[in-house]
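What follows is a single structure, written as structure tokens, with notes after it.
Derivation of every value follows stated rules applied to the coordinates shown; laboratory data play no part. Computed from a prediction, not measured in an experiment: that's the story for all the values here. Neighbour counts are summed over all protein chains in view; Cβ atoms, including those assigned to glycine, are modelled from backbone coordinates with ideal geometry.
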Amino acid sequence: MNVKKIISSFLAIIMICSVFAVSASAASYSTVRKGSKGSDVKTLQTMLNSIDNAGLAVDGIFGSGTQAAVKKFQKANGLSVDGIVGAKTWAALTDKYSSGSGLKIAAGNYNPVSIMQGKSYSVNGKITSTKKITSVTVGVYKTDGTATSVVKTVYPNVTSYDITRVDTSLKFGTLAAGTYYFVVKATDTSCTKTLVNNKFTVVGDAVKAFKAKALGNWAPPVKKTGFYKVTSGGRYFGASRDGGKRAHAGMDIHYKNGSGKGVAVYAMESGKVVEYIANFYGGMQAIAVQHADGSVARYCEISTKLRKGSKVTKGQQIATIAKSNIGGSTMLHLEIYLGTASGSFTNKSNTTYDYVPKKVYSRRRDIIDPKFVLDLI
Ligand SMILES: [Zn+2]
């Protein structure tokens, strides 16, 4: 490639081409400023990302990053630099955003804001141009601009291309926790344009990390073997209760024919008793032990001498499995909380759960599936 060609292709890459049209007029947007939330803020962020490559998360929250991008736009366009998007700034934004007729991308699924580590994200959105689109690059870049392995480039040579077609190539689930940019770049026979450049985060799998740590450190809650399998069926976490009206919030370490009564229960980890319930169910007791990392093990349907405020040491016997005064089996009903919420563990009005499928557990939002504990026994 000769020098002239290098320069011209470089110019093509940095060239800010015409941006895509929006149907709404400036008059249809409300005045937004720092602290504003909602769809108009999302529109604003989309426009700033497209016009100025602002790299904002399209989350509909007008924070300091959005404010800085607004001020930069206002300064560059001779508007009063107040960071408030009123009629004049909207008009200028809409004008810039809709000028020209080149490459554009229609509304679609390309605004990830927060993805849980290991989870996938599906992309779609139709790129069009009046000229033939020669290449499209869709993918995830680090904050320093380097590409991750989640990037795909195709050479469609058509005037309309839907990024759904590269979706299966983009393995979002392989990204490590961190901050990234989701980028869509397209080149047609006249120029290259960054159509999408949105900041997003991959949130680490807190539960996975917690379980790995617990499995390396905790002691088993019972030593007596011979309990029923609790990995499935009615004794398992999430199983139906009250004819489907609620879900089982714990896992039952459940012995045959009442033989669980008196089986010793041990503290899986050192900590402090933060809750004592004299009658958890059928006259049986329960205690919740909070550990140094904030996580909580709630040992239920037991008989214990411990009370709120008692300190326990890992491996210490803290209780025995009790027998209900209303019949039924003998078991240790075990609940685990990650410690990322506060308040009562039993919470009948809570409908939000951070780490388990949405069901009526009537528990605090940071409850997790305690199945991993079986691997300690
Ligand atoms: Zn239970």
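Taking +1 at the Cβ of each Lys and Arg and -1 at the Cβ of each Asp and Glu, which of GLY282, ALA249, THR143 sits farthest along the dipole of the chain towards its positive end, judged by Cα position relative to the Cα centre?
Result: GLY282, furthest along the dipole toward the positive end.
Using amide H atoms built 1.01 Å from N in the peptide plane, name the residues 5+ places from GLY60, or on other chains, whose amide H lies under 5 Å from its own.
LYS42
Which of the listed residues, GLY238, GLY260, THR304, is farthest toward the dipole's positive end in the stretch 207-376, when Lys, Arg count +1 and Asp, Glu count -1 at the beta-carbon?
It is GLY260.
Considering only the other residues whose Cβ falls under 11 Å of the Cβ of PHE345, what net charge follows from Lys and Arg at +1 and Asp and Glu at -1? Before the final figure, lay out the partial values.
Numbers: positive: ARG298, ARG363, ARG364, ARG365; negative: GLU275, GLU335, ASP366.
So the surrounding residues net to +1.
I need two numbers for the stretch 84-153: Rg to one decimal and Dmax as a whole number, Cα atoms only, in Å.
Rg, Dmax (Cα atoms, Å): 15.9, 43.
How much net charge surrounds GLU301 when only other residues with a Cβ under 13 Å from its Cβ are counted (Lys, Arg +1; Asp, Glu -1)?
With Lys, Arg at +1 and Asp, Glu at -1, the net is +2.
Rounding to the nearest 20 debye, state how big the charge dipole of the chain is about its Cα centre with +1 on each Lys and Arg Cβ and -1 on each Asp and Glu Cβ.
Computed about the Cα centre, the dipole is about 480 debye.
Which order do the peptides 272-281, 324-333 take when ranked by the mean count of other beta-carbon atoms within 10 Å per residue, highest first?
Those peptides, ordered most packed to least, come out 324-333, 272-281.
Please work out the C-alpha center-to-center distance from the stretch 151-166 to the stretch 115-143 and express it in whole Å.
Each part's Cα centre sits 9 Å from the other's.
Cα-based Rg of the chain per 2.2 N^0.38 Å, rounded to two decimals?
Its radius of gyration relative to the 2.2 N^0.38 Å reference: 1.35.
At a 10 angstrom cut-off on C-beta neighbours, averaged per residue, how do the peptides 219-226, 316-323 rank from highest to lowest? Could you put the intermediate results ahead of the total?
Numbers: 219-226: 14.8, 316-323: 20.1.
In descending order of packing, they fall as 316-323, 219-226.
Near HIS291, within a Cβ-to-Cβ distance under 15 Å, what is the net charge of the other residues, with Lys and Arg +1 and Asp and Glu -1?
On the way: positive: LYS211, LYS213, LYS272, ARG298, LYS311, LYS314; negative: GLU269, GLU275, ASP293, GLU335, ASP366.
Local charge sum for HIS291: +1.
In whole Å and largest first, what semi-axes does the C-alpha gyration tensor of the stretch 134-191 yield when each eigenvalue is scaled by 5 and square-rooted?
Taking √(5λ) for each Cα gyration eigenvalue gives 23, 13, 7 Å.
Report the far tail of the P(r) of the stretch 101-204, meaning the percent of Cα-Cα pairs longer than 22 Å.
26
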